[in-house]
Amino acid sequence: MKITYYNHASMSIRSNSGFEILTDPWIYGPIYGGSMWQFPTCKIDLKNYYKKDAIYISHTHPDHFCINTLKGFSKKIPIYIRKYDSNVPMKKILIRNGFKNVFEIDHKQKVEISKNFFITLVHDKNTVDSLIICENDKKTFLMQNDCFLSEAEYKWISKNFKIDLAGVFFMGIGPMPGAFNLPWSEKEKIVTQKKKDNFLRAAKTVKLIKAKKIFSCSNDMIWYKRPDLAFLNGALPKDFKKFMDKKSKTKTLLLQSKDFYDLKKNKLFNKNSLDMYNTKQDQLKEYFKIFYNKKMMEHKNSLDKWENSFKFQSSKFSRLFNSYLKTLKNSENLLNISAKFKVGFRVTNNNEEEFFIFKMINKKKPILVKCNNINNLYDKSHMVLQIKGSLIEMAVTGAYSFEDLFNCSYIIDRFHKPFNISEKSFWKIFTEFGWFLVGSKYQKKENQLLRYQLLTSNL
């Protein structure tokens with residue numbers, strides 16, 4: 001079995017018989033409401049990239065589930081995904097885009113996808129994520145993606161599989177602290193702590209699954225619209241390797257685009273002569289060189305023009321969101337929200353502002369109400385989200401999803417209140433509002449596809 005790394009969470013797993021499955025294909029951007037793109041950029045032989053026998057998609061996030069990239073594959077190619085509840089229509093979206101062989105795999109189900117080549121998916125039941133375990137001729141590879149399991153689940157893996165090599169998630173980007181209205185010094189402290197916590201979590205994961213060798217992955221992203229946040233961007237693979245070399249006996253490898261590891265020979269083959277960044281300064285120097293080139297600036301201007309063409313409709317947003325809230329009733333997320341929990345929305349619309357409040361009328365009844373007074377908006381709110389109305393309209397029509405907007409399209413005031421179960425549940429409810437709209441009578445069929453039809457480019 002050979003593991004060829006492309007970028008981020010995309011890699012080829014090739015069996016000894018030559019069968020290849022590609023994980024999380026993603027070569028187009030930007031994603032997350034135009035906020036993020038691949039970085040470092042990688043040069044991929046597209047003819048070879050699209051010549052695969054099967055695809056595995058770990059979850060719904062656009063850096064893993066990219067329709068624009070998938071369009072380059074045969075509509076007959078087998079696609080393997082985890083089995084979702086009915087409120088996550090990944091299979092429906094794939095079928096709607098013409099793919100004829102979409103297979104849902106249950107939690108911990110083992111499937112033989114080619115002769116003597118088996119895959120097992122393990123689901124993160126608290127999120128939409130999953131990880132994949134590949135077995136071929138007594139060799140085993142695990143690809144974690146962004147999947148975080150319980151200690152019991154990791155122990156189940158180590159009990160049932162001998163992991164020869166694992167691709168390990170070591171540091172994400174996300175909205176914290178970039179999206180939050182905090183002093184820069186506080187943001188730097190938070191990032192430093194996040195890096196420490198993520199490295200420790202990764203080390204614990206490696207120990208629990210008892211992997212013989214690992215490599216870092218799922219971190220090839222950087223801010224696209226917000227160059228100011230590039231200083232807060234993730235961590236370097238070399239930083240993680242240094243940490244693991246001190247912390248763990250497990251050997252940590254560094255793979256770049258087109259590098260591959262041969263499990264049969266237990267050997268890494270470096271195909272890319274480009275050195276990885278040694279310091280954050282080296283990374284940012286290259287990033288800003290790319291960010292400010294003519295092609296990139298023209299692309300960002302076109303994206304901004306497209307976004308500004310959407311006009312926020314206050315009454316429609318309120319009506320649709322309240323319709324969605326009525327469908328939740330006895331959902332676990334709803335029941336976890338405190339009766340005192342309140343979130344304010346400060347929406348910029350045509351140089352004016354409109355205010356909304358999400359709150360609980362009682363234990364089981366949430367509501368979004370219009371607010372005419374900014375003081376009332378902030379009064380006793382857990383947090384207030386500031387956002388352009390055009391972006392909300394895009395999410396309502398399907399051009400973006402609410403999850404797309406989660407990554408720093410908001411400015412968030414949290415008022416020094418700690419993150420709690422109510423906030424966690426609110427974000428899950430709010431981001432899944434998009435899934436409610438997809439396929440509903442509120443979105444026209446042609447608009448459903450708009451969220452995947454951003455002005456994209458393959459750099």
ask   = Which condition breaks for Pro366 when tested against (1) in contact (Cβ under 8 Å) with a residue 60 or more places away in the chain; (2) closer than 30 Å to Asn308 by Cα?
value = (2)
message = With the requirement that a residue be under 23 Å from Ser10 (Cβ atoms), of a type in the set (A, V, I, L, M, F, W, C) and out of contact with any helix residue (DSSP H, G or I) (no Cβ under 8 Å at 6 or more places or on another chain), what does segment 254-300 give you?
response = Leu255, Phe260, Leu263, Leu268, Phe269, Leu274
query = Glu298 fails exactly one of the following numbered conditions: (1) surrounded by fewer than 19 Cβ atoms within 10 Å (Cβ to Cβ); (2) acidic (Asp, Glu); (3) in the same structural domain as Pro40 (by TED's automatic domain parsing). What is the number of that condition?
reply = (3)
query = Hey, does segment 106-115 have a residue that's of a type in the set (Gly, Ala, Ser), in the same structural domain as Ile209 (by TED's automatic domain parsing), surrounded by fewer than 21 Cβ atoms within 10 Å (Cβ to Cβ) and in contact with a Phe, Trp or Tyr (Cβ under 9 Å, 6 or more places away or on another chain)?
reply = yes
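Residues in segment 8-25: is at least one charged (D, E, K, R) and more than 30 Å from Pro227 (Cβ to Cβ)?
yes
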note = Of Phe215, Phe199, Phe180, the only residue that is among the aromatic types (Phe, Trp, Tyr), under 21 Å from the mean Cα position of the chain (by Cα) and at pLDDT below 95 is Phe180
task = Check Ser216, Ser185 and return the single one that is farther than 18 Å from Met36 by Cβ, in contact (Cβ under 8 Å) with a residue 24 or more places away in the chain and either in a helix (DSSP H, G or I) or hydroxyl-bearing (Ser, Thr, Tyr) (or both).
result = Ser216
request  = Tally the residues that are more than 20 Å from Phe170 (Cα to Cα) and buried (at least 23 other Cβ atoms within 10 Å of the Cβ), restricting the search to segment 122-139.
outcome  = 2
message = So, in segment 406-425, how many residues would count as being within 26 Å of Tyr224 (Cβ to Cβ), part of a loop (DSSP other than H, G, I, E, B) and touching a strand residue (DSSP E or B) at 6+ places or on another chain (Cβ under 9 Å)?
response = 5
remark   = Output for Cβ contacts, cut-off 6 Å, separation at least six or different chains, first residue in contact (Cβ under 8 Å) with a residue 24 or more places away in the chain and within 10 Å of Trp435 (Cβ to Cβ) in segment 80-95, second surrounded by 16 or more Cβ atoms within 10 Å (Cβ to Cβ) and of a type in the set (S, T, N, Q), reads Met90/Thr60
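Does Asn101 fit the bill of being under 23 Å from Lys52 (Cα atoms) and not aromatic (Phe, Trp, Tyr)? Give the derivation first.
Working: under 23 Å from Lys52 (Cα atoms): yes; not aromatic (Phe, Trp, Tyr): yes.
Yes; evaluated as a whole, the condition is true for this residue.
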query = Can we say Tyr452 is modelled with pLDDT under 80 and touching a Cys at 6+ places or on another chain (Cβ under 9 Å)?
reply = yes
query = Could you say whether any residue in segment 26-36 is modelled with pLDDT of 85 or more, surrounded by fewer than 17 Cβ atoms within 10 Å (Cβ to Cβ), part of a loop (DSSP other than H, G, I, E, B) and assigned by TED's automatic domain parsing to the domain that holds Ala230?
reply = no
Top-ranked residue in segment 275-289 [being surrounded by fewer than 16 Cβ atoms within 10 Å (Cβ to Cβ) and in contact (Cβ under 8 Å) with a residue 60 or more places away in the chain; ranked as nearest to Cys134 (Cα to Cα)] = Glu286
ask   = For residues in segment 153-177 being surrounded by fewer than 18 Cβ atoms within 10 Å (Cβ to Cβ) and of a type in the set (D, E, K, R), which is nearest to the chain's Cα centre (by Cα)?
value = Lys155
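I'd like the residue in segment 98-119 that is free of Cβ contacts under 8 Å to residues at least 40 places away in the same chain and among the polar types (S, T, N, Q) and, out of all such residues, is nearest to Trp427 (Cα to Cα). Lay out the reasoning, then the answer.
Our first condition is that a residue be free of Cβ contacts under 8 Å to residues at least 40 places away in the same chain; within segment 98-119, this holds for 98-107, 109-112, 118.
Those left that are additionally among the polar types (S, T, N, Q): 101, 109.
Values: Asn101: 33, Gln109: 30 Å.
Filtering first and then ranking leaves Gln109.
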message = I'd like to check something: does segment 149-172 contain any residue that is out of contact with any Leu (no Cβ under 6 Å at 6 or more places or on another chain) and closer than 30 Å to Asp304 by Cα?
response = yes
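Among the candidates Lys194, Lys238, which residue alone is of a type in the set (Lys, Arg), under 27 Å from Tyr287 (Cα atoms) and crowded, with 19+ Cβ neighbours inside 10 Å? It would help to see each step written out before you state the result.
Working: Lys238 fails: crowded, with 19+ Cβ neighbours inside 10 Å.
Answer to the selection: Lys194.
Of all residues in segment 308-320 being part of a helix (DSSP H, G or I) and of a type in the set (A, V, I, L, M, F, W, C), which is nearest to Asn351 (Cα to Cα)? Lay out the reasoning, then the answer.
If we filter segment 308-320 for residues that are part of a helix (DSSP H, G or I), which is where we start, we get 308, 314-320.
Next, from what is left, pick out any that are of a type in the set (A, V, I, L, M, F, W, C): 317, 320.
Numbers: Phe317: 18, Leu320: 24 Å.
The selected residue is Phe317.
Can you list the strands (runs of 3 or more DSSP E) found entirely within segment 55-146 that contain at least 3 residues being among the hydrophobic types (A, V, I, L, M, F, W, C)?
Numbers: elements: 79-82, 102-105, 110-114, 117-123, 130-136, 139-143.
In segment 55-146, 102-105, 117-123, 130-136, 139-143 are the strands (runs of 3 or more DSSP E) which contain 3 or more residues that are among the hydrophobic types (A, V, I, L, M, F, W, C).
The values are calculated or read from the model by the stated rules, or taken from the named source; none is laboratory data. All of these numbers come straight from a predicted model, not from anything done at the bench. Virtual Cβ from ideal backbone geometry, glycine too; neighbours counted across all protein chains shown.
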